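Written below as structure tokens is the structure these notes are about.
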Amino acid sequence: MPAVILISDDDPRVARSLARQLLRLRLPVRVEIDCSGQLVEVARAVSPSLVVLDILQPVPGLLQLAALRRDPLLGDTPVVAISAVDDDRARSECLRHGVIDFVLKPFPELIPEKLALLALRPTPEAGQPH
């Protein structure tokens, strides 16, 4: 079963572009896109291995991230935060909420490969340290 990468970005063009880049790698990943600002609901439906979350959305990414972390089924899902603005406060908040990386748009060339590899990384067994 392929790993699932959920891209949450209010700009469908950005989300589709990143999805295309990921799929071109021909790794066993499935890409889902959420442009609705309903990250937790969509994540419950697709059970992502990795979430790529745009911080600047009409429903603020930091609020969506906090809601994801509070969810008992999704709270440990790895998240990579993305943003068009280099904001130290947002970066700090994201790291405080356990994101594994904070990446600025436009994406460096190797980002899709890095995201795919993060999604394919084995997850710890229940009760094991992360």
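For the chain, a Gaussian network of Cα nodes joined below 10 Å ranks L25, L53, L68 by mean-square fluctuation, and the top entry is L25. Computed with the Debye formula from one identical point scatterer per Cα of the stretch 3-120, without solvent, the log10 of I(q)/I(0) at q = 0.19, 0.21 Å⁻¹ comes to -0.95, -1.20. Computed on the stretch 3-120, with alpha-carbon pairs under 8 angstrom and 6+ residues apart, the relative contact order is 28 percent.
Any read-out appearing in this document is the output of simple, stated calculations on the displayed coordinates, not a laboratory observation. Since this is a predicted model, take the numbers as computed values, not measurements.
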